[in-house]
Amino acid sequence: MASDSSEPLEVDTNGLTVAGKNFQSLGVTVQSLVTNLNESLNALGECWGHDHLGKQFSEGENGYLKAKEALIGASGALQSFETMFTMFGDDAVQAGKAFQNGEDAYGEEFIKNIGATGSGG
């Protein structure tokens, strides 16, 4: 249902900013998890043999190495989540500040107008 343009827009600027910071924090958490997972997997080394079965497990389109890269590699799924959380968080924080600045500017203009006329409006 389309919104009537006469309906007021209400924004909880503090809530929006807090939610944005929480999203930013999720991005940091995901990045930390990916880093720890990569370090742990690298420390373990290759857990498969170099025979036919080992190569079948690790190599090829459906192999472990491709799957690992697709999940935790530089452009993998988890890295995408980190980027998404950080970007959404940044946008929400900026939106909260923009709405707050707009409210502050409107309030200042309103007070100036009240003071200028001396009649309260």
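The values are calculated or read from the model by the stated rules, or taken from the named source; none is laboratory data. These numbers come from a predicted model, not from an experiment. When we count neighbours, we look across all protein chains shown, and the Cβ atoms used for this are built from the backbone with ideal geometry, even at glycine.
Here are a few things to note about the model shown:
Every residue, every condition in (1) of a type in the set (D, E); (2) closer than 30 Å to V11 by Cα; (3) assigned to a helix (DSSP H, G or I), yes or no:
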position	(1), (2), (3)
N42	no, no, yes
C47	no, no, no
G54	no, no, yes
L65	no, no, yes
A74	no, no, no
Q79	no, no, yes
D104	yes, yes, yes
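- Among (1) assigned to a helix (DSSP H, G or I); (2) free of Cβ contacts under 8 Å to residues at least 60 places away in the same chain; (3) among the hydrophobic types (A, V, I, L, M, F, W, C), the one test that L9 misses: (1)
- For the stretch 87-95, the condition holds for no residue, the condition being that it is more than 30 Å from V11 (Cβ to Cβ) and of a type in the set (D, E, K, R).
- Flag for F110 being loosely packed, with under 14 Cβ neighbours inside 10 Å, in a helix (DSSP H, G or I) and at pLDDT below 90: yes
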